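Student: I have a structure here, written as structure tokens, and I will follow up with some questions on it.
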Amino acid sequence: MVNHYEDNLNDIFHALADSTRREMVQMMAERERTVSELAEPFDMSLAGISKHLKVLERANLVERSINGRTHICRLNTESLSQATKWLQFYERFWNNRFDLLESELMKAKKNEN
């Protein structure tokens, strides 16, 4: 059975799999943005941008507040940090493997001389 943590990671990585959504996340990392500001660099309708935002919201990567007719979006860094922690495990795994490889290559080089 898949637990809530894994479901959330699946949603996060699904949301980040799209280049438009990654760029939107990057824009919100600088500061909160209105939906119109998020739509500006893309050749896409506001409805299309809204669909992308809903995917990001479902993954808890974005929080939206409404002030009159203006929708303001901000990045939820707590949710993003879950993905970072997951990736850091594999970074340590590969760093350890590369360290072992380097050690073996150095031994082989010494044995050649």
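Since every read-out is calculated from the coordinates, none of them should be taken as a lab result. This structure is a prediction, so every number in the text was calculated from the model and none was measured. Glycine gets a Cβ as well: all are built from the backbone with ideal geometry, and neighbour counts include every protein chain shown.
Student: Mind listing which chymotrypsin sites (Phe, Trp or Tyr not before Pro) in segment 40-113 are in a DSSP loop and have 14 or fewer other Cβ atoms within 10 Å? Don't skip to the answer; put the middle values down first.
Tutor: Working: sites: Phe42, Trp86, Phe89, Tyr90, Phe93, Trp94, Phe98; in loops: Phe42.
Answer in residue order: Phe42.
Student: Right, another one. Mind jotting down the three principal axis lengths of the chain based on Cα atoms? Whole angstrom, largest first.
Tutor: 74, 37, 20
Student: Nearest 10 degrees is fine. How inclined is helix 19-30 to the longest principal axis of the chain, computing both from alpha carbons?
Tutor: It works out to around 80 degrees.
Student: Once the Cα atoms of helix 4-16 and of the chain are each reduced to a long axis, what angle between those two axes, in degrees from 0 to 90 to the nearest 10, is obtained?
Tutor: Tilt of helix 4-16: around 80 degrees.
Student: In percent, what relative contact order does the chain have, based on Cα pairs under 8 Å that are 6 or more apart in sequence?
Tutor: The value is 25 percent.
Student: Looking at the chain, which longest stretch skips every one of the trypsin sites (Lys or Arg not before Pro) that is in a DSSP loop with at most 13 other Cβ atoms within 10 Å, leaving the sites themselves out?
Tutor: 70-113
Student: Can you list the aspartates and glutamates whose alpha carbon sits under 20 Å from that of Lys107, skipping same-chain ones fewer than 8 residues off?
Tutor: Asp99
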